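What follows is one structure encoded as structure tokens, with my remarks underneath.
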Amino acid sequence: MWCRSLACLFKVPCQLGGSTRHRSPWLPCDRRTVLAAAARWHHTAPESLKCAWQLHGDHLELRYANTLMRFDFVWLRDHCRSASCYNAKTNQRSLDTASVDLGIKPKAVRVDETTLFLTWPDGHVTRYGLEWLVKNSYEGQKQQVMHPRILWNAEIYRQAQVPSVDCRSFLETDEGLKEFLQNFLLYGIAFVENVTPTKEDTEILAERISLIRETIYGRMWYFTSDFSRGDTAYTKLALDRHTDTTYFQEPCGIQVFHCLKHEGTGGRTLLVDGFYAAEQVLRQAPDQFELLSKVPLKHEYVENVGDCHNHMIGVGPVLNVYPWNNELYLIRYNNYDRAVINTVPYDVVHRWYAAHRTLTTELRRPENELWVKLKPGKALFIDNWRVLHGREAFTGYRQLCGCYLTRDDVLNTARLLGLQA
């Protein structure tokens, strides 16, 4: 989702013998090496029209697997995977990109059923698998998502009956860990059951998938209503839905909560899929979605309590998207910590408020609210770039522990287990 459709393939005139014939550009061709000056379409398999290509003044145009791709010549030279240009053992580029002539053109081109061959002016030959080109082309990326996910409201999540993972399976088996991470990647939340209710055991749990990110709140923290920090979270008051650390330049990726003790009432945890709400905005008011993805705002955390003195400022739009496919990857939403809006001109700010109201309305729809009662032994992992959390007011003594995890390490663990992340 959030992927713009690829422009329709079109027919272009084909240059043959100095004249222009208006016909289908996908012309059959033998497999001879063709000089770069040629401006005709060529086929590797005329009977199936599986692959066709054409050279232009500054790029190669290639049609394969129903995808029309355009490759800049410098790009084609820079990404060469030959032994002299790329170290296959370290998966790192050896070629000095700055040494490539910006006006470079291939001297010869050949394509067979699976591979593109380019011969450069110095005689160097570059080979690309056609499947690799589809996967790594700009046009191919526009048709893919970086992070597959299932958007949900409360009913969708309940009907999915996403299972919790047992602590022992999570800690001791790859199967349990993979099941947990797959649930987390798809839904942005995941639970581990039967965790010993101590900070130390919660720490062991967190370290199974990631390095713990130490912040101004420390490494592992206890969380009570003692107002020990200058934050509304350290009270018994209700908390509206929000994402954490919006005042960091890079908000924390994953948050871990584990309720160790609660002697009282209330205190249920609220979870809302921010991406689901943003999708509704995109469908109903795409211009407002675009505005929320482009207008940068400041979020600020100022604290002077006891020995804690902090002044943090993070800058970014509410919605963050990959520009090549418009896929949403981060929502930065916290009405508590949003700073003075002084980065938006007067003729835009009112439209921003209207767009913010539309998103807030979606986030606050009762049908989008998933309420969970945390209890000792049940640890909750939240994708802080996607899922908003909050809580209802409570009475009595309530103690939680938790931490933040580095997003890169969680995704790294998932990829090593064969998951797309």
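The values are calculated or read from the model by the stated rules, or taken from the named source; none is laboratory data. This structure is a prediction, so every number in the text was calculated from the model and none was measured. Note that we place each Cβ from the backbone using ideal geometry, even for glycine, and neighbour counts take in every protein chain shown. Calculation scope for accessible area: heavy atoms of the full protein, side chains included, ligands and nucleic acids excluded. Shrake-Rupley method; radii C 1.70, N 1.55, O 1.52, S 1.80 Å.
Does Y353 qualify as being assigned to a helix (DSSP H, G or I) and aromatic (F, W, Y)?
Here the answer is yes, as Y353 does meet what is asked.
Would you check which residues across region 74-99 are in contact with a Phe, Trp or Tyr (Cβ under 9 Å, 6 or more places away or on another chain) and among the polar types (S, T, N, Q) and list them? Spell out the reasoning first.
Initially, region 74-99 is screened for residues in contact with a Phe, Trp or Tyr (Cβ under 9 Å, 6 or more places away or on another chain), giving 76-77, 79-81, 92-95.
Correct list: Q92, S94.
Are there any pairs with C-beta distances below 6 angstrom linking a residue in region 228-255 that is acidic (D, E) to a residue that is modelled with pLDDT of 90 or more and open to solvent by 30 Å² or more (accessible area, probe 1.4 Å), with the two at least 6 apart or on different chains, and if so which?
Short answer, once both residue conditions are applied: none.
Quick check, is T232 under 28 Å from L297 (Cα atoms), at pLDDT below 95 and surrounded by fewer than 18 Cβ atoms within 10 Å (Cβ to Cβ)?
Yes; evaluated as a whole, the condition is true for this residue.
Can you confirm whether region 28-35 contains a residue that is out of contact with any Phe, Trp or Tyr (no Cβ under 8 Å at 6 or more places or on another chain), buried (at least 16 other Cβ atoms within 10 Å of the Cβ), farther than 27 Å from Q144 by Cα and modelled with pLDDT under 95? Step through it out loud before you land on a result.
Taking region 28-35 as the starting set, the residues that turn out to be out of contact with any Phe, Trp or Tyr (no Cβ under 8 Å at 6 or more places or on another chain) are 28, 30-35.
Retained after the next criterion (residues that are buried (at least 16 other Cβ atoms within 10 Å of the Cβ)): 34.
Now restrict to residues that are farther than 27 Å from Q144 by Cα: 34.
Imposing the further condition that a residue be modelled with pLDDT under 95 reduces the set to 34.
The answer is yes, given that some residue of region 28-35 is out of contact with any Phe, Trp or Tyr (no Cβ under 8 Å at 6 or more places or on another chain), buried (at least 16 other Cβ atoms within 10 Å of the Cβ), farther than 27 Å from Q144 by Cα and modelled with pLDDT under 95.
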